[in-house]
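Rule-based calculations on the coordinates, nothing more; no lab input. Because the structure is predicted, anything quoted here is derived from the model rather than measured. Note: ideal-geometry Cβ built from the backbone for every residue, glycine included; neighbour counts use all protein chains shown.
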Amino acid sequence: MADKNYYSISDQSYIAISNTEFPDKGINPQDYSDILKLSHASNITVKDCIIIGGKEDCIDMNRMCNTILIEDTHLFSGGNYCVTIKGGTKNVTLKNVTIDGHGKETDIDLGNWSDQSSELTTGIILDNIQSKTGIPVRVRVLWSDKPTIIGSSNVEVTVVPRFLVLIYRFLRKLKLVS
């Protein structure tokens, strides 16, 4: 079953969003899987925004997104993750991002399963990522290179060994696990 996303940018380039709150007032974010969904999008800037997460994510990037900047943005988790970056997405910078409330599984998930691309997620920069609560921002690395961390002293990165991820991906492709 396809996700129901609040605001999607798909197959587009050179879009800037600023000074916006997602979703609009009066909208229940839990009615949506992801609040901001990027799919095969490039050269996207999201700046000075407030994003209240849906059942899965505040922001989900998939299907070979490239050159994405999320800056000076406040994320309120409502689900499993705050940010998911997967599906061969490359060159993403999260800069001066504050996480308020943590994802149930992890805060930033890199390289999770994608039905759209088996490419490795690379070039992720986490620059001054912080937690409003003071609890470390949790980053999980699956089918992705390890992110570059700049100016963020309260970040815990868990890298799942690549051979375990390969086994999982093989079993998932055969539909033996979900």
- Query: Quick check, is Ser118 touching a helix residue (DSSP H, G or I) at 6+ places or on another chain (Cβ under 9 Å) and within 24 Å of Asp34 (Cα to Cα)?
  - Reply: yes
- Task: Just give me the residues in segment 22-46 being among the charged types (D, E, K, R) and more than 15 Å from the chain's Cα centre (by Cα), in sequence order.
- Result: Asp24, Lys25, Asp31
- Task: Among the candidates Asn19, Asn66, single out the residue that is within 14 Å of the chain's Cα centre (by Cα), of a type outside the set (A, V, I, L, M) and farther than 20 Å from Tyr81 by Cβ.
- Result: Asn66
- When you go through Thr148, Thr98, Thr84, Thr121 one by one, which is the residue that is over 20 Å from Asn66 (Cβ atoms), of a type in the set (Val, Ile, Thr) and out of contact with any Pro (no Cβ under 7 Å at 6 or more places or on another chain)? Thr98
- Is at least one residue of segment 19-30 buried (at least 17 other Cβ atoms within 10 Å of the Cβ) and among the hydrophobic types (A, V, I, L, M, F, W, C)? yes
- Message: Residues that are touching a Pro at 6+ places or on another chain (Cβ under 9 Å), in a loop (DSSP other than H, G, I, E, B), touching a residue at least 24 places away in the same chain (Cβ under 8 Å) and surrounded by 24 or more Cβ atoms within 10 Å (Cβ to Cβ): does segment 54-71 have at least one?
- Response: yes
- Query: Has segment 128-135 got at least one residue that is assigned to a strand (DSSP E or B) and among the basic types (Lys, Arg)?
  - Reply: no
- Item | Flag if Gly87 is surrounded by 24 or more Cβ atoms within 10 Å (Cβ to Cβ), of a type in the set (Gly, Ala, Ser) and under 16 Å from Asp34 (Cα atoms) | yes
- Item | Residue check for Thr93: within 26 Å of Tyr6 (Cα to Cα), among the hydroxyl-bearing types (Ser, Thr, Tyr) and not in a loop (DSSP other than H, G, I, E, B) | yes
